[in-house]
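Student: To start, I am sharing the structure in question, which I have written as structure tokens.
The values are calculated or read from the model by the stated rules, or taken from the named source; none is laboratory data. Every value quoted in this text rests on a predicted model; they were computed, and no experiment measured them. Glycine gets a Cβ as well: all are built from the backbone with ideal geometry, and neighbour counts include every protein chain shown.
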Amino acid sequence: MHITRRTVLAAALVAPVAARAQVWAPSRPIRFVVPFPPGGATDVVARVLGERMSERLGQPVTVENRTGAGGNVGVENVVRSAPDGHAILMGTTGTLTINPHLYANMGFNPATDLAPVSMAFATDHVLIVHPSVQAQTAQEFLALVRARPGQLSYGSGGNGTSTHMVPELFKLVAGVDIQHVPYRGSAPALNDTVAGNVQVMLDQLPSALPMIQAGRVRALAVTGPRRSALLPNLPTVAELGLAGAEATSWGAVMAPANTPAPVVERLNATIREGLAEPSVVQRLAGAGADAVASSPAELAEMMRRETEKWGRVVREARITVN
């Protein structure tokens, strides 16, 4: 009995010390770097999440848009920052898993120079066609492009962007030939799809949705693992027999490599709490994004799988950046 009481007493004295040692708190504002311009899904999610993180961490979390070189400028800024939790990155499919295959001299490696913190969001891509395309369903579209190889063209936001990579994966898996027309950004590519200058696009769902709802383009399928709540009548690519063409654009919070475990743990817990809030889920859904949290280990494993997948697409489709 004496031993038990003494053990309990010792544990009671040690516990608060251990807890204090484990819980990190920022000592100044946190820079949340977004490697793209304001307004896109990546930026919107970072701002919504940043607000919630500020409330929980007791320090401002300020979004900084550092653009250039396909997102590499912003990523490198965080890679070169002190690993103390005061600089974090909203990384994306492209910046974390596609760019390493496209840019020979990045000067850093996302897999080793950044520490995974948590997934943040995912968005599906949607296969859209100009209304003049003689296909009312995805099956009819596949039959059409197989019968007319190289005669239809698709628009993208530029070489190496998600709106280029996702269609190239689709082409490889479906065994079809659709010509690629790169634009300076996804918005002009969508405009030209609406105008009929290109006939096809695999755009991110948030940006394509208004044009789909207005009847300016016809939506045929989504690329996510399940049907979209926003377009429940559309089949997934897996339902078309093209499971290998499944793809989502996603965002994840990263910190500089060698950020101490207690810092990563506190950031991860804060992000998970924020993404679990119904109001946050709703605001992200409004931007066409699904709130998705993860452990650092789950994020590292996902990055490994995605890096492998997009590396194969880059090689087989012979994709280069200008």
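Student: Just a yes or no: is a residue in segment 224-239 under 26 Å from residue 184 (Cβ atoms), assigned by TED's automatic domain parsing to the domain that holds residue 167 and touching a Leu at 6+ places or on another chain (Cβ under 9 Å)?
Tutor: Scanning segment 224-239 turns up no residue that is under 26 Å from residue 184 (Cβ atoms), assigned by TED's automatic domain parsing to the domain that holds residue 167 and touching a Leu at 6+ places or on another chain (Cβ under 9 Å).
Student: Another question about this same structure. Name the residues in segment 100-132 that are of a type in the set (S, T, N, Q), farther than 30 Å from residue 214 by Cα and either in the same structural domain as residue 168 (by TED's automatic domain parsing) or surrounded by 23 or more Cβ atoms within 10 Å (Cβ to Cβ) (or both), would you?
Tutor: 118
Student: Considering every residue within segment 257-270, establish whether at least one is in the same structural domain as residue 302 (by TED's automatic domain parsing), in contact with a Leu (Cβ under 7 Å, 6 or more places away or on another chain) and either of a type outside the set (Ser, Thr, Tyr) or under 27 Å from residue 315 (Cβ atoms) (or both).
Tutor: yes
Student: Does segment 285-322 hold any residues that are modelled with pLDDT of 95 or more, farther than 28 Å from residue 47 by Cα and of a type in the set (Gly, Ala, Ser), and which are they?
Tutor: Residue satisfying the conditions is 311 alone.
One line per residue, one yes/no per condition, for (1) modelled with pLDDT of 95 or more; (2) assigned to a helix (DSSP H, G or I); (3) closer than 26 Å to residue 276 by Cβ:
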| position | (1), (2), (3) |
| --- | --- |
| 17 | no, yes, no |
| 38 | no, no, yes |
| 49 | yes, yes, yes |
| 53 | yes, yes, yes |
| 81 | yes, no, no |
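Student: Pull up segment 184-214, narrow it to residues that are buried (at least 19 other Cβ atoms within 10 Å of the Cβ) and modelled with pLDDT under 90, then point me to the one that is farthest from residue 237 (Cα to Cα).
Tutor: The qualifying residue farthest from residue 237 (Cα to Cα) is 186.
Student: Residues that are under 24 Å from residue 45 (Cβ atoms): list the strands (runs of 3 or more DSSP E) wholly contained in segment 98-212 that include at least 1 such residues.
Tutor: By residue number, 114-129, 153-156, 200-204.
Student: In this structure, is residue 255 on the phi < 0 side of the Ramachandran plot, aliphatic (A, V, I, L, M) and surrounded by fewer than 14 Cβ atoms within 10 Å (Cβ to Cβ)?
Tutor: no
Student: Please count how many residues of segment 159-183 are surrounded by fewer than 24 Cβ atoms within 10 Å (Cβ to Cβ) and of a type in the set (A, V, I, L, M).
Tutor: Counting residues in segment 159-183 that are surrounded by fewer than 24 Cβ atoms within 10 Å (Cβ to Cβ) and of a type in the set (A, V, I, L, M) gives 6.
Student: State which residue is modelled with the lowest pLDDT when the search covers only segment 19-36 and only residues that are among the hydrophobic types (A, V, I, L, M, F, W, C) and either exposed (fewer than 14 other Cβ atoms within 10 Å of the Cβ) or part of a helix (DSSP H, G or I) (or both).
Tutor: Ranking the qualifying residues of segment 19-36, first place goes to 19.
Student: Confirm whether residue 156 is under 30 Å from residue 273 (Cβ atoms), assigned by TED's automatic domain parsing to the domain that holds residue 230 and either of a type in the set (D, E, K, R) or surrounded by 19 or more Cβ atoms within 10 Å (Cβ to Cβ) (or both).
Tutor: Taking the combined requirement at face value, the residue does not satisfy it.
Student: Then there is this: Kindly evaluate residue 73 against the criterion of being in contact with a Leu (Cβ under 8 Å, 6 or more places away or on another chain) and either in a strand (DSSP E or B) or assigned by TED's automatic domain parsing to the domain that holds residue 285 (or both).
Tutor: Considered against the rule, which asks whether it is in contact with a Leu (Cβ under 8 Å, 6 or more places away or on another chain) and either in a strand (DSSP E or B) or assigned by TED's automatic domain parsing to the domain that holds residue 285 (or both), residue 73 comes out as no.
Student: Something else now. Which of the residues spanning segment 245-270 are under 26 Å from residue 225 (Cβ atoms), part of a strand (DSSP E or B) and not β-branched (Val, Ile, Thr)?
Tutor: 249, 250, 251, 252, 254
Student: On to the next question. Residues in segment 279-322 that are of a type in the set (S, T, N, Q) and under 19 Å from residue 53 (Cβ atoms): how many?
Tutor: Selection size over segment 279-322: 4.
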